[in-house]
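Worksheet: one structure, shown below.
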Amino acid sequence: MFQKTLAVLALAAALVPAAQAAPVSALTFTSAENNSTCCTSTRGYAFDVLDSGLFATHLGIWDAGSDGLAVSHDVGLWNSLGVLVASVTVPGGAAASLVDGFRYVDIADVALSTGRYTVGALFFASGTDDQARNLVGTATASGISFVGARFINNGVASLTNPTESLGITGLMGGSLMVDRVNGRVPEPGAMSLVALAIGAAGVAARRRKA
């Protein structure tokens, strides 16, 4: 009976999704210059997902000086078809988490299939929140390749896929964090199986004592 109970526990554990690991920045760099905003625009970068199993977990925006944002900013993530697959509003100030110079907000995990994506943040004309410029020492998370900066100076006060190239070290606005584990809550059926197995283990233990 005890061996059977162990087998049920092992099966139940296999059916329960793993807890989420620590997300990491998709792109980092060691230093950069600041660039002011000339016009209302969406600015960020393009990147390639090289293998399956990655999830987008946070979206964020560069915080020049790491001293808080003057205003809130919308940040979006687009797939290779130009479809907006995730978006979030990063609040002004320093409330959002600061990681590698970016202010990030958690999003519902988005599975990233292999292919090209673009991430970008909305900036307003004459705003005081700068972008990063002339990046030095760029590095990416495992499974991601940095393609280059992207922007669209269209004057539209809403997120727009930034499709225009600005070179490999151009302006950097929006970004994202990624993880290889989906942070889903375990399915009710799997949890019920775990509870059943634990109960069976308790009954077996009591019988052995008797």
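None of the figures in this text is laboratory data; all of them are computed from the coordinates on show. Not measured: the values here are computed from a predicted model. Ideal geometry is used to build each Cβ from the backbone, glycine not excepted, and the neighbour counts take in all protein chains shown.
Would you mind pulling out the separation of the Cα centroids of segment 96-136 and segment 24-62, in Å? First find each Cα centre; the distance between them is then 4 Å.
Sorted largest first, the principal axis extents computed over the alpha-carbon atoms of segment 24-179 equal 40, 29, 28 Å. The packing ranking, built from the mean of other Cβ atoms within 10 Å per residue, places the peptides 82-88, 116-122 in the order 116-122, 82-88, highest first. As a rough guide to protection, the peptides 143-156, 46-59, 28-41 ranked by mean Cβ packing within 10 Å, highest first, stand as 46-59, 143-156, 28-41.
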